[in-house]
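First up is the structure itself, then whatever we jot down about it.
The values are calculated or read from the model by the stated rules, or taken from the named source; none is laboratory data. This one's a predicted model, so the numbers in the text were calculated from it and none came from an experiment. Methodologically, a virtual Cβ is constructed for each residue, glycine included, from the backbone with ideal geometry; neighbour enumeration extends over all protein chains shown. Just the protein is used for accessible areas: all its heavy atoms, side chains included, with ligands, DNA and RNA removed. Shrake-Rupley method; radii C 1.70, N 1.55, O 1.52, S 1.80 Å.
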Amino acid sequence: MAWRFKVSKYKNAAPIVPKKEDWVNDIKVGAPQSCGNHVKASAAFIAFNVENRGGGSLGLVPLDYKGRVDSSTPLIHGHSDLITDFCFSPFDDGILATCSTDANVRIWHIPENGLKESLSNAEYSLPQFEKRVENVMFHPTTEFLLSVAYFDTVKLWDIKHEKELFSFSGHEDQVQNLCWNGSGSLLVTSSKDRTVRVIDPRTSKVAYEAEGHKSPKDSRIVWLGHTERILSTGWDASRVREVRIRDIRNFSKPYKVQPFDSSTGILMPLYDPDTNMLFLAGKADVSIMYWEVTDKEPFLTEGLKHNGSVQTKGACLVPKRGLDVMSGEVNRLLQLTSNAIIPITYQVPRKTYREFHADIFPDTPGYEPSSTISQWLGGANIPVKNISLDPAKRPNSKFQIHRGPLSKREESKVSDADTPVPAPRSRISNGTECKPVSEVRPTLSKPMVAVKPSFMPAKPSPTPKPALRSSFPLQENKNLTNEDDPSADTPVKKNLAQLRKNFETNEEATVEEPEEENPSKLASIRKAFETRSVSVDEKMVERRREEVRQEQTIQEEEKENVSDQVTLRENSNRVSAAERRKTFEQRMASVEEKPSSPTPKRANVTRSFRRVCKFRHLKGTPGHKSTCIENLRELSRTTPGECDGLAANSEFVILPLSGPGGKLSVIKHKKPGRLPDGVIPSLMNTSNVMDFTFDPFNDHTLAVACDDGKINLWHIPEGGLSQPTNQPNETFMDVGSSDKVTILKWHPLAAGVLAAATGDLNIKIWDIHRQSVALVLTGHPDQIFSMAWSPCGRYLATMCRDTHIRIYEPRHSSEPISEGNGPVGVRGARILWALNGKYLVTLGFSKVSERQISVYKSTDLTKPANTVGIDVSPAMLIPFYDPDSSTLFATGKGDSTIYAYEIGSDFPHLFPLSHHKCGSVHQGLVMLPKQLCDVRQVEFCKAMRLTSSVLEPLSFTVPRVKTELFQDDLFPPTFVSWEPVMTAAEWLGDTNRPPRTLSLKPSDMVSLSESREQQSPVSSQSNSGGPHTHIRHETPPFLKGMVPTEVRQTQHKNLNVPEEAQETQARLEESMSQQMDQISKALEQDRMEGVDSTEWED
C-alpha cells in the first residue's frame, strides 16, 4: 500500500489570480446558450464569444493581452446567429474552426500579428447542415481533419480537400459533446439519449456503448489522454452533479462516481494528460475545482480549489507551448466571465525558478502532425512526437506556429524517421560524435553554449581554435534553424566567442590541464548567461569589446616574457581564470538589465489614482430605526421612466401611490414613526401622474404633470394633509395641445418659470403667474427622456430617444444652439449640468444594455470626454448632483448600491469615490436641501431612501478628526437655491443675475483654516534673509513643558495676553532663535512648487 503515501509533484499546485489590470477587461459576452465552453486558446490567441446583435461574433486577442478591450477592437463576424462552439488547430495557432446555430461550419485563418480589422470572409465553409451544429473538434494527430456534431449526427471532414470522410447518425437524440483519444483512433460522444458511445470512424461502427448519466440535461465528456479511460460530467437522477470515470475494457459500468452538489450549471472538465490535472469549472459557479486523476484508488484526489467572486461563463486551458515554465506555471486556466477573461495560473511551489524544472514539465505532444490523411485512413495510429518545454531547446522564444492560409498550404509529408533529440544544455554542438577536442577538425561551424533564446548567436563568428584542455561531447544541434538567425550581427555573439577563446590555449601547448577544471568554468559561464535576459546598447557593447581586447593583449605579453613555458602555463591559467571571472562579473553588473519581453504599454488612466479627493472616503450612514417612517402602504411600483419616483424639500416628501386617479402621498419627513393604519391622505389628480416636483422657492407648492395634458399646482397646508383632496389650487393646460406632459423642471433662479416636456415632442416654458406658455422649444424628433436647466439659468439641456444631446438658449431661439451624440441605448437616459455649467453629465445605456455615465464638455458635444461603465441592469440610473462638493450620486430602482463619483475638470473627469452599499434594495432615493445638512457632524449630503415599506434617512459624511471645527474646505459657500434672484417677467425680459451664495458656518464654530492660522502664523515678509526665510513663532514642542499654560494659549493675535506672559514668551523665543542661528530657517515647503503651506501642518 506504499502507493497511497506517494507524494504527487502537483499536490500543492496553487491557483494564482493576477491583478485586475492584468485581466482581459471590458468584453461583452452576453448569455450564450450552447454546449460549448465559449472561450478557447492557442499558443498565440484567445477567442471568446461576444454579444452582437448583428449575428454570431467572436472576439480575438493575443494570448498575453492585458487590459481593456476597446469597443473598436476587430471581431470575427463569422455567422448570422450564435456561435455555439469553436476550436483552434493543434498544428497551427492561426487556424480556427467555428460552428453556429445557423447550421454552418467555417474555417478561419488569423494572421500572425492578429486582426487589424474585423474578419468576415472565411477561409473555407463547409456545406450547410440540416440543423444547428453544436460541436467542432480537430483531429489530435492528423492535420486538416475536423469532426462536426449536429443533432444526432457526427461527421468527419477533410477541410483541405473539401470532402466528407465519415458520417454516423446512430444517436437517438442530440449529440452534446465529443472527444478524440490521444492516438486519434477512436471518438467518444455523449448525447441527450443518456448514452455514451465509442465510435471507430474508419470502420463506421460503434466499438463500445454504455448508459451515461441518468439526467438528459447537458453532459460533457473527455478522453483521458492516451489511456483507456473516459471521464464524463452530468447529473444523476436526483439532479446532483457528478463525475464518472469508466474504462473501455469494462465499459458497461463506471469504476468511479464522484458526486458534488445540486447546482444547475454543467461542470466543464478541463484535463491535462501531461500532469493528470483535472479542472472542473461549473457554469455560473464562482469556484473552480482542481483534482488529480490517478490510476488507483481513490482515482480522484482533490487539490486546492480556486474561490473567486464572479460567475463563470466558460473556461479553457492554455496549450503547454503558451505557459511560462520558468516561473513554475504547470497550467493556466482562462475563466470567462460576463465582462472579463481571468488568467488563473497554477504554480508548483519551488525554492527557485532560475532553472528549468524538468521533473514537473514532462515532454508534451508537439506541433507536427504524425500522419497524413491517407496514412490515417489506411489504419496508422501514430501518436504525435513529443517536444521538450525547456526554453533552451525551443526553436524560438514565443513557441508559436503559423503556417499561413489554408489555401496556400500543402499537406505535410510525414516520415518515419525519429525526431532529432535536442542538444544537451551544457554541451557544445557541432555534428560530430563524442570525441576529444583534439581529434575534431578546426572547421568548427557553430560553437555554442546553451543559453536563453534571447542570446542565441546571430551569425557564425570567425572560426576559433580547438580547445586542447578538455574533451566535450559534440553533436549536431538541430534546435537552431536558419530562420532563427537574424541577419544583423549581435554583440553578444561576438562576446560569447571571445569568452570561449579566452578559455583556449595556444596550439603549440603540449601540457594538458586536468579535465575537471574546464567543465566547471563552462558551467559557471552558462549559469551566468542563463540568469540574464538583457538588451545591450551599442555603447556598452563597444566598451566590453575594448575590455576583451585589452585583456587579450596583456595575456599575450605575459606569455612572451616567460621562459619556462610549462610552469608559466599552469600559473597563468589559474590567474587568468580568476581575472576572467572578476572581469566577467564586472561586465555583468555594468549592463542595465531589461525585461526580455517587455509588456506593451497600455493607455491606462493612472492620474485618477494620484488625484487627492477630499470626499474619497465618504461614508453613508442610515438613520436609526427611531428616525425612519414606517408602515408605508400602497406604494406605486410603476412610475414612468422619466420620473425620479420621489420628490422632497425641507419639509415634505412626496410618494406616488398605486391605484387609479394619480394619487400622491404627502409626508412630513421631520416626523418619524409609524404611520397610522387606515386611509392615506393624498392628492388625487384624477388622471395618471407622469412627473411631480416641488417649487424650489416655496416648500408648500407642488407641480404635477398628468397624462391628460394638465399641470396641477397644489398648495400643501402647513401641517401637511389631513385627508384626501382632489381639488388642485391651479390647473394649467395648453389650449392648442392635449398631449400628455412627461417632465417638469422649475427654473433655478427665476420664480414662476416652469419648463414642461410634452408628448408632441416640444418643450413649453410656462409663466406660472400669467398662466400662459411663454416659450416653445422644438427640434426633437422623438421622445424626450430628460432635461435640465444650467446653473446660470440661461440654457436648457435635453436628452432625446434619438440618442442626441441638445442645448437650448430659450429666450433667443426655439431651435438648439448645440447638438451632439449621447448614450446609444434607447431605454432611457438622464442629463444634468456640472462644474458651474462647464460640463454635462449623461446617464444611460450602451448597445449591450450596460449602464454608463458619460461626461461632456458643454462647448463640445461631438464625443464624451470620458465614459465609465457601471453594470448591466434594466433599471435606469437616477442621478443626484451636489454642486458644492461636485459629487455625483447615482442609483436605480431595485438597486442596493449607491454609486458615488467626483466630477472634475481634469481627465478622466469621473473619479470614483466610496460607493455606499445598502442592506436591502430600494425603490427610490431623493436628496434633501443643503441647509438641512448637519455641518457639525461633517455631513455634506442628506437623503431619504425608500424601501418596500420604510422611508429611512441616509447621511453622507466625511471622516475628520477635528469635528469641533467648521470644515470650510468641505463646505464652500453654497448657492441659495431656496430664494429667487429674479421674477419670471425679468427673466423673460432677458435679465441675467448670478445666484447668491451663503456660508453654512455656524456662528459659534471656528473654521479649520482660521484654526491653522492661529496655530502656526507665518510672517508674510522675511526678516533679513532671502524671500524664502520664515520666522516661526510657535513654541517648540520640547519647550512647551517649560512655558506656563497661559503662554501656550496666546497663539491668536486678538487674545488679551498679560504683559508678564508676553515677556516670558519673548524671552523664550529669543533664546531659541539664538540657538538656531546656525540652522537654516528655510522650510522644506519653501523649495517646493505648487504646495500650499498649510498642507505641511497636517
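What the table below lists for this structure:
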read-out	value
Carbon plus sulfur fraction of accessible area for the range 284-385, probe 1.4 Å, in percent	52 percent
Listed peptides 785-791, 725-731 by packing density, highest first (mean Cβ within 10 Å)	785-791, 725-731
For residue 263, distant residues with modelled amide H under 5 Å away	241
1.4 Å probe accessible area per residue over the range 1-147, in Å²	43 Å²
Rounded FRET efficiency, nearest 0.05, which uses the C-beta distance separating residue 296 from residue 969 and R0 of 56 Å	0.20
Residue list for the range 245-289, given a label point 7 angstrom along the Cα-to-Cβ vector of residue 849 and an amide N cut-off under 19 Å	284
Carbon + sulfur, % of accessible area of the range 203-273 - ligands and nucleic acids excluded, 1.4 Å	47 percent
Under the Karplus curve 6.51 cos²θ - 1.76 cosθ + 1.60, θ = phi - 60°, whole-Hz ³J(HN,Hα) for the range 676-686, x wherever Gly or Pro sits	x, 6, x, 6, 8, x, 8, 9, 9, 9, 6
Extension gain from residue 227 to residue 961, taking 0.36 nm per residue of separation minus the Cα-Cα distance	257.4 nm
Long-range HN-HN contacts of residue 300 with modeled amide H, under 5 Å	294
Net length gained if the chain between residue 377 and residue 287 were fully extended (0.36 nm per residue, minus Cα distance)	28.1 nm
The range 763-851, accessible surface, carbon-and-sulfur percent (1.4 angstrom probe)	46 percent
Amide H within-cut-off set for residue 909, under 5 Å, with H built and near neighbours excluded	904
20 Å cut-off, amide nitrogen to a point 7 angstrom out along residue 81 Cα→Cβ, residues in the range 117-142	122, 125-137
Using a Förster distance of 60 Å, the FRET efficiency for residue 735-residue 896 (Cβ separation, nearest 0.05)	0.85
Distance in nm between pseudo-label sites at residue 726 and residue 686 (7 Å out along the Cβ direction from Cα)	0.8 nm
Where labels lie 7 Å past Cα in the beta-carbon direction, separation of residue 211 and residue 826 in nm	5.4 nm
Under the Karplus curve 6.51 cos²θ - 1.76 cosθ + 1.60, θ = phi - 60°, whole-Hz ³J(HN,Hα) for the range 696-712, x wherever Gly or Pro sits	x, 9, 8, 5, 9, 10, 10, 9, 10, 9, 10, 7, 9, x, 9, 10, 9
Neighbour cut-off at most 16 other Cβ (10 Å), DSSP loop, trypsin sites (Lys or Arg not before Pro), the range 108-170	116, 131
Sites matching trypsin sites (Lys or Arg not before Pro) across the range 757-804 that sit in DSSP coil, with at most 15 neighbouring C-beta atoms within 10 Å	770
Prolate/oblate/rounded call for the range 845-1003, Cα gyration tensor, a/c under 1.5 rounded	oblate
Mean accessible surface per residue for the range 655-765, computed with a 1.4 Å probe while every protein chain stays in place, in Å²	41 Å²
Shape call, the range 121-229: gyration tensor on alpha carbons, a/c limit 1.5	oblate
Cβ-derived FRET efficiency at R0 30 Å, residue 309 paired with residue 118, nearest 0.05	0.40
Approximate spin-label separation residue 761-residue 70, in nm, with each point projected 7 Å along Cα-to-Cβ	3.5 nm
Entries of 671/942; 11/214; 283/398; 116/313; 116/408; 857/893 with Cα pairs more than 24 Å apart	11/214; 283/398; 116/313; 857/893
Cα gyration tensor, the range 941-1000 - rounded (a/c under 1.5), prolate or oblate	oblate
In Hz, Karplus ³J(HN,Hα) per residue of the range 959-970 (6.51, -1.76, 1.60; θ = phi - 60°; x = Gly, Pro)	x, 9, 7, 8, 6, 6, 9, 6, 7, 5, 6, 9
